[in-house]
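**Student:** What follows is a structure written as structure tokens; I'll ask about it next.
The values are calculated or read from the model by the stated rules, or taken from the named source; none is laboratory data. Predicted model only: the values in this text are computed from it and were never measured. So basically every Cβ, Gly included, is an ideal-geometry build from the backbone, and we count neighbours across all protein chains shown.
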Amino acid sequence: MASSNYTPNLHLSAWEATDRPKRADFVSDNTIIDTQLGGHIANGNIHLNADEKARLNEPFVVMMYAGNGEAQRSITLDFHPKFVFIYKRGVPFVSYSNSVNVVNAASASYGQGGSVGVSVTSTGVLVSESTASNGVRVSLNENLAQYTMIAFK
């Protein structure tokens, strides 16, 4: 005799002491388990993929670079940054020198633009070093200056 009782959620056999399990009962139960568990495992809407897991474990990277004085400089990252914040070390975010406001820090987000002097690309970050224009000079790649960049994945 097959099971006279079943579990409430998956409707698996819940044999009584008087029941006589049959092979077909086990095959049926295994099929139900495999279908339910297999569907759960394959559901990409409820599980994280490898990239999402990496972002949770290391949501951002902090790195330093030395400026090389070029007007524009591309900094390549091994991920597509969503947001970056860059600042020159040891100076205020904005300083005033020789009638010019010097921008020493900036931020940007992918697809949304950002502060003057920095932009996020699909492979990293583009920073600028400029001469004064309209009383403002961007200093995010000054030759030999030290910068810190925080890039969010």
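**Student:** Mind checking whether some residue in the range 68-88 is more than 28 Å from the chain's Cα centre (by Cα) and surrounded by 15 or more Cβ atoms within 10 Å (Cβ to Cβ)?
**Tutor:** no
**Student:** Within the range 35-67, take every residue that is in contact (Cβ under 8 Å) with a residue 12 or more places away in the chain and exposed (fewer than 10 other Cβ atoms within 10 Å of the Cβ) and give me the one that is nearest to His11 (Cα to Cα). Reasoning before the result, please.
**Tutor:** To start, the set of residues in the range 35-67 that are in contact (Cβ under 8 Å) with a residue 12 or more places away in the chain comprises 36, 54-55, 58-67.
After this cut, where a residue has to be exposed (fewer than 10 other Cβ atoms within 10 Å of the Cβ) as well, the list is 62, 64.
Working: Val62: 52, Met64: 59 Å.
Ranking the qualifying residues of the range 35-67, first place goes to Val62.
**Student:** Still on this structure, I have one more. Scanning the range 42-66 for residues that are closer than 23 Å to Thr148 by Cβ and in a loop (DSSP other than H, G, I, E, B), which turns out modelled with the lowest pLDDT?
**Tutor:** Glu58
**Student:** Are any residues in the range 73-97 modelled with pLDDT under 90, under 30 Å from Lys53 (Cβ atoms) and not acidic (Asp, Glu), and if so, which ones?
**Tutor:** Selection gives Phe79, His80.
**Student:** Quick one: is Asp19 of a type outside the set (A, V, I, L, M, F, W, C), outside the structural domain of Asn143 (by TED's automatic domain parsing) and surrounded by 11 or more Cβ atoms within 10 Å (Cβ to Cβ)? Outline the logic, then answer.
**Tutor:** Details: of a type outside the set (A, V, I, L, M, F, W, C): yes; outside the structural domain of Asn143 (by TED's automatic domain parsing): yes; surrounded by 11 or more Cβ atoms within 10 Å (Cβ to Cβ): yes.
The answer is yes for Asp19.
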